[in-house]
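A.B. asks: Got a structure here, written out as structure tokens. Questions coming.
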Amino acid sequence: MVRGLLVTGAESLLVMTNRYRLVLLSAGQLPDARPAPDGASPSPLMSLEPGERVVWAGTWPQEEVPFWLLVTRHGWVRRFKGRDVTARVYENSRLRGISEWWGEPRVFLPVWEDDVLLVLTRETRQIHLPVRIVSLYRELMLSLQTGDEVAGGVLEEGEELLLLISAQGRGVRHRLPVRKKSGWTWGWGQRLSTQLEVAVVTRVRERDEVFVLSEQGRVWRLPASEFPVRRRVVRGTQVLQVSSTDAVVDAVPVSPVQLASDNGVG
């Protein structure tokens, strides 16, 4: 089962825009150095059409998976066949079967039938969603509080050390307790914080490095350790200097061993 991004010469980063266009970036296109000391924003890695923005990024698995699970900003959920997604990716085209009122994509993950997704909202509410209840042919609607939106999600795999980042580059790592996989959350879910509005949710390990993407296609690379670990989710530490005309939209962790292998060291 594919669970994280392995950035080696044979693997790639999958990016989705607000128009549901799928773009595959090779590992060689990703930055191989940390941000400049002056904090200058990196250059965009892909061409975007007028009005088009990057809204999601994640792993592109080496082997075809049975399903991909989509969750949009407004809480619409749909499952897609793996072979259909593969066809859209290699055509550099839009994901099909999307309705405009669903809103922008916030989660798009390769999944298996017995997986459970942990969704976090902008207000840091937790929603647990088993993949098995999501149809291939009909959408499902999550229950969100008025004014709240989906920020992101990860597959549940025991104890979670989650990286939470705001659109303006404030972030914190937070450890969730072990939760036995079971039925899904009814209602709005328990809230983790009243101080941090979350734009990015991803799982990290202590020694990981993280590729952070902005809606204009910029990519920062930095150690996950630069984001402090807190028992309580607080306002977060300002780690990235993000332009007022740009915003953080996603982050993808990689391990030092994988990075070393990619650079021909390991």
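A.B. asks: I need the peptides 48-55, 242-249 ranked by packing, meaning the mean over residues of other C-beta atoms within 10 angstrom, with the highest value on top.
C.D. replies: 242-249, 48-55
A.B. asks: Sticking with this structure for a sec: Enter the accessible area per residue of segment 83-203 (Å², integer; probe 1.4 Å; all protein chains in place).
C.D. replies: Dividing the accessible area of segment 83-203 by its residue count gives 47 Å².
The values are calculated or read from the model by the stated rules, or taken from the named source; none is laboratory data. Predicted, not measured: the structure shown is a model, and the values here were computed from it. Positions of Cβ are generated from backbone atoms using ideal geometry, with glycine treated the same way; all protein chains shown enter the neighbour counts. Only protein heavy atoms, including side chains, enter the accessible area calculation; ligands, DNA and RNA are left aside. Shrake-Rupley method; radii C 1.70, N 1.55, O 1.52, S 1.80 Å.
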